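J.: Before anything else, here's the structure in question.
Read the figures in this text as sums done on the coordinates, not as results from a lab. Keep in mind the model is a prediction, meaning the values are calculated, not measured. All Cβ positions, glycine included, derive from the backbone under ideal geometry; neighbour counts span all protein chains shown.
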Amino acid sequence: MSCTLTIRNLALKRGEITIAQNINLSVRHKEKIAVIGHNGSGKTTLLETIVGLNPFDRGEIELFHEKLTDKNDFANARKDIGYLLQDSDDHFLLPIARDDIAFSLLSCGENAEIAAEKTEKIMRDLNIAKLADKIVYNLSGGEKKLVALAGILVRDPKLLLLDEPTSTLDYAAQIALARILRDLRVSMVIVSHDRLFLEEIASDFYMIDKNGLKKIADFESFITHSHDNLPTHTHPKNPPAI
């Protein structure tokens, strides 16, 4: 089956420090995979590297069988990638929800009338039409997340990178977001600690650590692995009196 994203022997770096290596991953067309791991293991760095925001000097990244090697390659590829950041406020460039969503298209040269039509449609699809004229910074966490997602989906991306998409969301908003993402026919790489959310959407699970990505059966496997690798403490037979 054709792959949307292929990564080979990638090393993830933060500055001069390598935080993970031997990253290998293939995401098939319309496949939705979850990446889980401990804090600082490189989950967000992986997404940033895929989209070209974090440089790398070892390994290969291919998008739709095209190798991405320099800034121009990544810049061209980003038109087909939707990257949902952890903090929704980082997405917004204009204060009014409708205008911010439409700007995603207008900044790419889309005709204003067509941009307006696509914006209205995506707001209806995500059931956020009532937010069209609201100031984005005054919205709830769940509403902000959906407006940010609308600004991504309106461009019809072929690959979604989602970084902790349920953070700051209440339960009702999590359910709504899960339903939307589950029904989308697009490839996804989802970074999250939200077990129920991931089990609702993802078909495959991967655990990341300093040695790479390892495919695991499910979220429970990550919990078991984490428990088995807890440090062992030794206690003195005769603890000192307190």
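J.: Given the options 40, 18, 7, identify the residue whose Cα lies farthest towards the positive end of the charge dipole of the range 3-45 (+1 on Cβ of Lys, Arg; -1 on Cβ of Asp, Glu).
T.: 7
J.: If every alpha-carbon in the chain counts as one equal scatterer, what log10 I(q)/I(0) does Debye give at q = 0.08, 0.11, 0.16 1/Å?
T.: Each listed q maps to, in turn, -0.34, -0.61, -1.19.
J.: How much space per residue, in cubic angstrom, does the convex hull of the C-alpha atoms of the range 129-212 take up?
T.: Dividing the Cα hull volume of the range 129-212 by its residue count gives 119 Å³.
J.: Still on this structure, please answer the following. Assign unit charges at the C-beta atoms only (+1 for Lys and Arg, -1 for Asp and Glu), then state the dipole size of the range 144-185 relative to its Cα centre in Debye, rounded to the nearest 20.
T.: 160 debye
J.: Follow-up. Simple spin-label model, 7 Å along Cα-to-Cβ: residue 130 to residue 224 in nm?
T.: 4.5 nm
J.: Please list, ordered by chain and number, the residues whose modelled amide H lies under 5 Å from the amide H of residue 21; skip anything fewer than 5 residues away on the same chain.
T.: Under 5 Å from the amide H of residue 21: 12, 211, 212.
J.: Kindly write out, for the range 51-61 in residue order, the coupling ³J(HN,Hα) from the Karplus curve 6.51 cos²θ - 1.76 cosθ + 1.60 (θ = phi - 60°), rounded to whole Hz, with x marking Gly and Pro.
T.: Once θ is set to phi - 60°, the couplings for the range 51-61 become 8, x, 9, 10, x, 9, 10, 9, x, 9, 10 Hz.
J.: Separate question: What distance in nm separates the two pseudo spin-label positions at residue 196 and residue 71, each 7 Å out from Cα along the beta-carbon direction?
T.: Reported label-point gap for residue 196 and residue 71 is 4.5 nm.
J.: On a 0 to 90 degree scale, rounded to 10, what angle separates helix 141-153 from the longest Cα axis of the chain?
T.: Between helix and principal axis, roughly 70 degrees.
J.: Then there's this: By DSSP, what percent of the beta bridges with both residues in the chain are antiparallel, rounded to the nearest 5?
T.: Restricted to the chain, the bridges split so that about 55 percent are antiparallel.
J.: Under 14 Å from the Cβ of residue 118, count the other residues' Cβ atoms, weight Lys and Arg +1, Asp and Glu -1, and hand me the total.
T.: Net of charged neighbours comes to -4.
J.: Now for a separate question. So between residue 9 and residue 209, what do we pick up on full extension, going 0.36 nm a residue minus the alpha carbon distance?
T.: Extending this stretch completely gives an extra 70.6 nm.
J.: Over what distance in Å are the Cα centres of the range 61-134 and the range 1-37 separated?
T.: 23 Å
J.: To the nearest 10 degrees, how steep is helix 171-183 against the longest Cα principal axis of the chain, on a 0 to 90 scale?
T.: 70 degrees
J.: In the range 12-34, which residues have a backbone nitrogen under 20 Å from the label point lying 7 Å from residue 58's Cα in the Cα-to-Cβ direction?
T.: Counting only backbone N, you get 12-26.
J.: How much net charge surrounds residue 28 when only the other residues with a Cβ under 14 Å from the Cβ of residue 28 are counted, with Lys and Arg +1 and Asp and Glu -1?
T.: +2
J.: With springs connecting C-alpha atoms under 10 Å apart, model the chain as a Gaussian network and identify which of 133, 194, 87 has the largest mean-square fluctuation.
T.: With Cα springs under 10 Å in the chain, the top fluctuation among 133, 194, 87 is at 133.
J.: Charges only on Cβ, +1 for Lys and Arg, -1 for Asp and Glu: so what's the dipole of the range 110-152 about the Cα centre, in debye to the nearest 20?
T.: For this selection, approximately 240 debye.
J.: Moving on. Determine ³J(HN,Hα), in whole Hz, for all residues of the range 204-209 in sequence, where each value follows from phi through the Karplus function 6.51 cos²θ - 1.76 cosθ + 1.60 and θ = phi - 60°; x replaces Gly and Pro.
T.: 9, 10, 10, 9, 10, 8
J.: Same structure, new question: With +1 on the Cβ of every Lys and Arg and -1 on the Cβ of every Asp and Glu, and nothing else charged, how large is the dipole of the chain about its Cα centre, in debye rounded to the nearest 20?
T.: Approximately 420 debye in magnitude.
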